[in-house]
Each structure stands twice: as C-alpha cells, then as structure tokens.
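Heads up, the thing below is written out as structure tokens.
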Amino acid sequence: MTYMFKYDSVHGHWKHHDVKVKDSKTLLFGEKSVTVFGVRNPEEIPWAETGADYVVESTGVFTDKDKAAAHLKGGAKKVIISAPSKDAPMFVVGVNEKEYKPHIDIVSNASCTTNCLAPLAKVINDRFGIVEGLMTTVHAITATQKTVDGPSNKDWRGGRAASFNIIPSSTGAAKAVGKVLPALNGKLTGMSFRVPTVDVSVVDLTVRLEKSATYDEVKAAIKEESEGKLKGILGYTEDDVVSTDFIGDSRSSIFDAKAGIALNANFLKLVSWYDNEWGYSSRVIDLIRHMASA
C-alpha cells in the first residue's frame, strides 16, 4: 500500500509528507498513523477501535445495503458505497445531497458518470425542461477490464483487451439520474464506449427540450450555474481542450461549450468532461463532509 500511495501512473508521485511503514498494521503519513487491515470479511474489521466513523466501501463487492451493513457490525457509524447501489439511497453532491437525513447509515455516491451527468441534466431540466434524452459516455479503462482477451463476468465484449479496443458496454448511469432527479425518471438512458485511455472520460448528452432555446442560451445557462450554485461541481470551458487537460480536475463535470451542437431549437447535443478518478473521489469526500454536518 505504501508503494501505491507513493507512485501513480496517471496522477504522478505523492507530493505531500512522507509515506512510511511503521509496522505490519500501520502506515505513517508524515506523523499521522493510519491502521491497515488485511481482512476479507467487513464484519471482522474493528472499525470502532480505530475511531473510524465513516467507511468508504470501494471494493465493488459490498454494494447493496445488506452487504455494506457488515461494516456497521465492526463499529462504523456510516458507510459510503463508492458505486451505484440497487437499494441504498443515492446522493450526488450538487444535485440532491440536501435530501440526506442523519438517520441514514448507508448511502451510495452513485457512479463517476452519474456524477458528471446529473449536474448538467439538472441545469438543463431546471432551465428548459428535458422531454427525453440519450447519453453516451466515452470512458477510460478501469481495473475491471482485461489486459488481454479473456472471459468476462459481464459480457463477452467486456473480456476483450482493454488497451487494444473500443468496447461498447452497458451503463446504468443515465437511468440512475432518475433516482437523484425524480423529474427525469424514465426520460434518460445511455450506453458506454470503453476506450484505450487511462483516465478522464466524457459524456455526450443528446436531449430534446420542452422549451425552445438556442445553443448560445443553453451555454449561457450552464455558465451561469457553473459560476453560482454549482461552482466547484460543474465547470465551463470554451478552450480547445482534450482529455488529458482534465487529469486531476476535482470538478464532477466540465461542460465543453465548443464541442456541443444543436440541430434546432429543441434538439441538441451537450458534451461534458470528467476525471473519473480524481473528480469522483473528491465528491466522496464532499459527501462525507455533508453527512457529518447534517
């Protein structure tokens, strides 16, 4: 774990205080000690002994409420699932986090793609109304993919070599927006293309509007929100950017004003970038902060 904290192929070297091994169960971040467990069963991790009130469940295995609740048995007070969940309440910071209530012990931070899509969809729906829409995410490689061809638990295409293919895949990110924005439930769906890049993804949202608007009017609305209520969550750029320009960007969604197009006053395509690693991780921390202050 020390090695993985020190070196990262995308985000570079750890540039803060030294990371050292104190003993077989403890890492030192500068002078701060962090306990490390090598335990498969979450119920057996003594969270209470370490003073860990909030646990981020990032294994991808314990994503429903019953499984994630195992952390509570170890003494954790709250569990944040860093993935979509079939039954845990889902919160996207900047969209619906204010609906969180202190009695809720297990939450989902949704997916990185939902965190990119939802703020953008919220602005468009609030200002112009969305009749229906389709989303495509062009998504960087993730750890679940294969380095060479092999079997996949999800589908055959998902088992093909990640660094050598553009791979069509399913995603529930667009439908999940309906869970955090009930007004859009049943109005959005989408798909994914996994591409041979290591970080940063981009959402292509094509929507039909209720209220007619020029593309410039839509851009102006997004820009206004990015500088107001959604500052730090939704970004806006008119620069000629490409994916690597967003490595390390902590915002959930950065609207690319030059990349979108409109067919007419009611039908348009919007493009928004996101660092699916750094941006999403930043929102996990933001959600924990909000929960602690609620």
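The values are calculated or read from the model by the stated rules, or taken from the named source; none is laboratory data. Note that the structure is a prediction, hence the values are computed from the model and not measured. We place every Cβ from the backbone using ideal geometry, glycine too, and count neighbours over all the protein chains shown.
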> If Gly248 satisfies every condition in (1) within 18 Å of Leu120 (Cα to Cα); (2) touching a residue at least 12 places away in the same chain (Cβ under 8 Å) but one, which is the exception?
Replying inline: (1)
> Scanning segment 248-294 for residues that are crowded, with 17+ Cβ neighbours inside 10 Å and β-branched (Val, Ile, Thr), which turns out nearest to Val218 (Cα to Cα)?
Replying inline: Val271
> Asp155: acidic (Asp, Glu), closer than 30 Å to Leu263 by Cα and surrounded by fewer than 20 Cβ atoms within 10 Å (Cβ to Cβ), yes or no?
Replying inline: no
> Can Gly178 be described as in the same structural domain as Lys219 (by TED's automatic domain parsing) and crowded, with 17+ Cβ neighbours inside 10 Å?
Replying inline: yes
> Among the residues of segment 82-92, is there at least one that is crowded, with 21+ Cβ neighbours inside 10 Å and of a type in the set (Phe, Trp, Tyr)?
Replying inline: yes
> Can you tell me how many residues in segment 182-191 are surrounded by fewer than 21 Cβ atoms within 10 Å (Cβ to Cβ) and at negative phi?
Replying inline: 6
